[in-house]
Structures are given as structure tokens and as C-alpha cells.
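Below you'll find the structure, written out as C-alpha cells, and then a few comments.
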Amino acid sequence: GRKILKIITVCSYYGTGSSAVTDFISEFDNVKSFTNFEFRFAHDPDGLADLEYHLIENFNRHNSGHALKRFKKFVDYYSAHFMAPRYEAFFHGNWKKLAYEYIDSLTDFSYPGIWQFDFYDKGRLWEFWHKLPNRIIHKLHIGDVDSEFGMFSKEITLASHPTEQKFLYCTKNFTDSLFSLANPERKPFLMVDQLLPSSNIEHHMRYFSNIQAIVVDRDPRDLYLLSKYVWKSKIVPSDIDLFCKWFSYARSTRETENWNPQKILFIQFEDLIYNYDDTTNKIMSFLNLSKENHLTPRKYFIPEVSIKNTRLWKQNPSYAKEAEYIANKLPQYLYHLNGE
């Protein structure tokens, strides 16, 4: 049959330089680079992994159908609205259509019905206003109290309990269809940003027919200094003690996960700059990319530019104290240059 498209994705811990790898791979003429927009629907809350958990691992007559509704809400959120095209723009208007077909493929049957989490999802204010008429009627004894179902006359309850095999078959069918639309040129490689998380990676790989991942990390000293003084980020703690806790917390699963070397490659951001040839050769070998297809070297990833975002404590002496503090707290994560 037709060769299955290989998806390449880069996993980050936030601000660790994954775009450098994305930029490098985008220089190959047989790679379709699918923008630098993040496609996180496999691992975000209410995404594919949550759906699998509720349908298979923790099947329940209420929770499982409701998880499909939550996924549908998630699909609608990422679809489009007048201020942000989101996913529809990237999948030629087929994101919602294919996702709804996927939901149908996992639904065993449905019927008009409600339960308490249908109220929960709508919010307290909505519930208050919809229950208020019934409360008044009941208190004043001026008529029959309408059942709660009256307010939800169009609400549908879904039932879903697939096997793991069926779930993965339907999921791969969905992701295959989705990403083939993103690659109209039919290139053999598709570069998609942040499709997998940087933890529990192989679990999430099961949702795609053919995927490889590159995990990128960088020296914590630079990440802290960039985040605090340059990006002024709210995602990373600016308190130095909390930053050190957060940094190792975000990477804690690296100690226990045994990554398949055919599927997952770890790259240190600094190596792309200071050991450009060796590191890019390692990436090409891992992905089976050929030098003949690298027609525009250093067009998107330019080490001479990226080097300015490394070793900031050397460039700015006022950062030296904080850098030293982090070096003492997180020695195992430091990048050492020239045997220092």
C-alpha cells in the first residue's frame, strides 16, 4: 500500500530551544514544515489521552460518554472563531468535520438524557437561571413543576466503551486523515510542533501511525535568565528557589522513562550551536534525512544568531550570582563547554 507519512515532532519543556530543531529540519526540501503553531490535542486536558483514560482505563456509564462530550467541546474550542482561525485554517476547514466523525466512530449508541455534569459544564450561573422558574412555581403552588429534563430537552447522552484496539484504530484513522490534509504536496516527512509531551512520550505515540520525536533541553541558567529578564514570562517561576524546583519537577520523568532510541532522540540545545556538524548529523541519521535534501543549510537555523542566547551570565556580569546559585542547585542539568 501507500507509504505512511512520517511525522516528526519536537518536544520541549518550555523555552528550551525546540524551535532551533524545527528550523533546522525545515531546511530539507522533502519535509513539509507545518508552521510553528503548537498542535497539542493528544496531550492537553480533555484531549486524546484523557479520552482514552475515561473510555478504557476508567470506563464508567456516566464518565465515558461525558468524556466524549468534553472532547467535542475541546474540538470546538480549537476549531475557529472570528478572532483566531486556530486549527481549521491548517486543515483546510476539516478539523471539526474529521473530529466529529472520530467521535461518532467511538460512540456505541446515544439517547436523549442528562446527568449532573451536564449542569456542571454549563456553570453555576446558567444552572441558577434555568432552575429559578421551577423554584418559583414550586414555592407559589401556581402550576406543575417542569422536570429538569425540560431545560435539557435537546441534551444527548453518549455511550462508549471501545476496546483499546478499537480506540487506537479509530484514533490513528483520525490523525492519519488529519495530517494527510496538512501535506497536499505528499512529501514523505511532516514536521509538526509539540504534538507529543516531553513526559510519557511513548504512551502518546500510540495515537499516530508513524512518528518520531526529538526532545530538546537547555542549560537551566540561560532558561532562568531569559525567562526573567528577556521574555518576562509568567509560565516559569521568577523566584530562583521555585525555579530550581520547577525545572527538576518538569524533567522528573526522564529518570524513569526508558525511551526507544529508534523513536525518541534527546538533543541539548547548546550542542546545535557549539557542535553543529555532529549534532545535525545525529538528527539526520535518526530521522533518515539525507544531505542531498538539505538544500538550504543555515537558512532558518543560524547558529551564529542563536549563540547570542547562550551563556548569558558570561555576557552580563550582573547575572553571575544567580547563575552560580542555579549551578549549585541543578548541577546535573548544566551544559559544560570545552571541558569546563
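I'd like to check something: does region 69-88 contain any residue that is in contact with a strand residue (DSSP E or B) (Cβ under 6 Å, 6 or more places away or on another chain) and either open to solvent by 50 Å² or more (accessible area, probe 1.4 Å) or free of Cβ contacts under 8 Å to residues at least 24 places away in the same chain (or both)? Reasoning before the result, please.
From region 69-88, those in contact with a strand residue (DSSP E or B) (Cβ under 6 Å, 6 or more places away or on another chain) are none; that's our starting set.
Checked region 69-88: no residue is in contact with a strand residue (DSSP E or B) (Cβ under 6 Å, 6 or more places away or on another chain) and either open to solvent by 50 Å² or more (accessible area, probe 1.4 Å) or free of Cβ contacts under 8 Å to residues at least 24 places away in the same chain (or both).
Which of the residues belonging to region 170-215 are among the hydrophobic types (A, V, I, L, M, F, W, C) and in a loop (DSSP other than H, G, I, E, B)? Don't jump to the end; show me each part of the working.
Residues of region 170-215 among the hydrophobic types (A, V, I, L, M, F, W, C): 170, 174, 178-179, 181-182, 189-192, 195-196, 201, 205, 208, 211, 213-215.
If the condition is that a residue be among the hydrophobic types (A, V, I, L, M, F, W, C) and in a loop (DSSP other than H, G, I, E, B), then ALA182, LEU195, LEU196, PHE208 are the ones that fit.
Out of region 41-62, which residues are part of a helix (DSSP H, G or I) and open to solvent by less than 50 Å² (accessible area, probe 1.4 Å)? Outline the logic, then answer.
Quick first cut of region 41-62, residues part of a helix (DSSP H, G or I) only: 48-57.
Scanning region 41-62 gives LEU48, ALA49, LEU51, GLU52, LEU55, ILE56.
Rundown of residues vs (1) of a type in the set (Lys, Arg); (2) more than 19 Å from ASP219 (Cβ to Cβ); (3) open to solvent by less than 40 Å² (accessible area, probe 1.4 Å); (4) modelled with pLDDT of 95 or more, yes/no style:
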position: ILE267; (1), (2), (3), (4): no, no, yes, yes
position: ASN275; (1), (2), (3), (4): no, no, no, yes
position: ILE283; (1), (2), (3), (4): no, yes, yes, yes
position: GLU292; (1), (2), (3), (4): no, yes, no, yes
position: TRP313; (1), (2), (3), (4): no, no, yes, yes
position: ALA327; (1), (2), (3), (4): no, no, yes, yes
position: GLN332; (1), (2), (3), (4): no, no, no, yes
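List, please: which pairs have Cβ atoms under 6 Å, are six or more places apart or on different chains, and start with a residue in region 238-265 that is modelled with pLDDT under 95 and end with one that is in a loop (DSSP other than H, G, I, E, B) and not aromatic (Phe, Trp, Tyr)?
THR253/SER199
In this structure, does THR16 turn out to be of a type in the set (Val, Ile, Thr), in a helix (DSSP H, G or I) and within 16 Å of the chain's Cα centre (by Cα)? Step through it out loud before you land on a result.
Working: of a type in the set (Val, Ile, Thr): yes; in a helix (DSSP H, G or I): no; within 16 Å of the chain's Cα centre (by Cα): yes.
So THR16 fails the test.
Could you grab me the full set of residues in region 263-289 that are touching a helix residue (DSSP H, G or I) at 6+ places or on another chain (Cβ under 7 Å) and outside any helix (DSSP H, G or I)?
Matches in region 263-289: LYS263, ILE264, LEU265, ILE267.
Go through region 227-245 and give me each residue that's in a helix (DSSP H, G or I), surrounded by fewer than 19 Cβ atoms within 10 Å (Cβ to Cβ) and not β-branched (Val, Ile, Thr).
LYS228, TYR229, TRP231, ASP241, LEU242, LYS245
Looking at (1) loosely packed, with under 15 Cβ neighbours inside 10 Å; (2) in contact (Cβ under 8 Å) with a residue 40 or more places away in the chain, which one does HIS161 not meet, given that it meets all the others?
Every listed condition holds for HIS161 apart from (1).
Quickly run through region 3-34 and pick out the residues that are of a type in the set (A, V, I, L, M, F, W, C) and crowded, with 19+ Cβ neighbours inside 10 Å.
Restricting attention to region 3-34, the residues satisfying the condition of being of a type in the set (A, V, I, L, M, F, W, C) are 4-5, 7-8, 10-11, 20-21, 24-25, 28, 31, 34.
Scanning region 3-34 gives LEU5, ILE7, ILE8, VAL10, CYS11, ALA20, VAL21, PHE24, ILE25, PHE28, VAL31, PHE34.
The values are calculated or read from the model by the stated rules, or taken from the named source; none is laboratory data. Note that this is a predicted model, so its numbers are computed, not measured. Note: ideal-geometry Cβ built from the backbone for every residue, glycine included; neighbour counts use all protein chains shown. Calculation scope for accessible area: heavy atoms of the full protein, side chains included, ligands and nucleic acids excluded. Shrake-Rupley method; radii C 1.70, N 1.55, O 1.52, S 1.80 Å.
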